[in-house]
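Structure, as structure tokens:
None of the figures in this text is laboratory data; all of them are computed from the coordinates on show. Not measured: the values here are computed from a predicted model. Positions of Cβ are generated from backbone atoms using ideal geometry, with glycine treated the same way; all protein chains shown enter the neighbour counts.
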Amino acid sequence: MNLIYQKATIEDLRILTETRIEVLRAANKLPDDADMSEVREQSCLYYQKALIDNTHIAYLVFDGNRFAGAGGVSFYQVMPTYHNPSGYKAYIMNMYTAPGYRRKGIAFKTLDLLVKEAKARGISAISLEATEMGRPLYKKYGFIGMKDEMILPGPPT
């Protein structure tokens with residue numbers, strides 16, 4: 001393997017968007033024929049804006065010309081708090097490793113690059129949602145479960 005980790009640019013829009021769809025299909029256990037057209041379109045628009053205004057960074061991993069994995073981090077601001085006076089937060093998302101490349105440390109290294117990007121911006125409030133498959137990786141890195149956060153679920157679709 002000759003792995004190359006590269007920061008995504010606007011030229012990578014297609015692969016970023018398609019990887020997002022793949023991640024959502026897997027995370028939500030969706031069938032291959034589930035209509036993802038609206039999510040695909042909105043994801044593409046999100047990347048077009050966020051990559052330009054630097055509120056999202058993604059890494060793509062290649063083995064030569066073969067796509068091996070990806071991961072991203074979104075940056076945003078909420079009201080300042082005692083524990084986070086700037087209010088800036090980072091949200092890790094879209095972690096993906098192609099099936100033939102799993103269990104080789106690719107996701108761990110990608111996660112490390114994303115966390116370092118957040119810390120370089122002075123952000124220490126870093127969170128993510130973990131699938132069952134991803135949970136051991138995040139625990140190994142040092143992420144812990146949150147006890148104080150709640151969510152109001154939307155209507156089923």
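The slack between residue 29 and residue 152, meaning 0.36 nm per residue of separation minus the straight C-alpha distance, is 42.2 nm. GNM on the chain, C-alpha springs below 10 Å: top fluctuator among 129, 117, 41? Evaluated over the chain, the most mobile residue of the options is 41. In the frame of its principal axes, the chain has Cα extents of 46, 39, 33 Å, reported largest first. Percent relative contact order of region 47-157, based on C-alpha pairs within less than 8 angstrom and at least six residues apart? Relative contact order here is 21 percent. Annotation: average projected area of region 31-86 is 6.8 square nanometres, based on the convex hull of Cα atoms across all directions. When the pairs 89/147; 104/140; 109/147; 7/119; 49/116; 29/109 are compared against a 24 Å limit on Cα-Cα distance, 109/147; 29/109 fall above it.
Multiply the residue separation of residue 79 and residue 62 by 0.36 nm, subtract the distance between their alpha-carbon atoms, and state the gained length in nm to one decimal.
Values: separation 17, 0.36 × 17 = 6.12 nm, distance 3.80 nm.
Using 0.36 nm per residue and subtracting the Cα-Cα distance, I get 2.3 nm.
Global size of region 5-52: 11.4, 32 Å for Rg and Dmax (C-alpha atoms, Rg to one decimal, Dmax whole).
Give, as a single signed number, the net charge of other residues whose beta carbon lies under 11 Å from the beta carbon of residue 51, with Lys and Arg counted +1 and Asp and Glu -1. Residues near residue 51 contribute -1 overall. Specify whether the C-alpha gyration tensor of region 86-157 places it in the rounded, prolate or oblate class, a ≥ b ≥ c being the square roots of the eigenvalues: rounded for a/c under 1.5, otherwise prolate if a/b is larger than b/c and oblate if not. Verdict is oblate for region 86-157.
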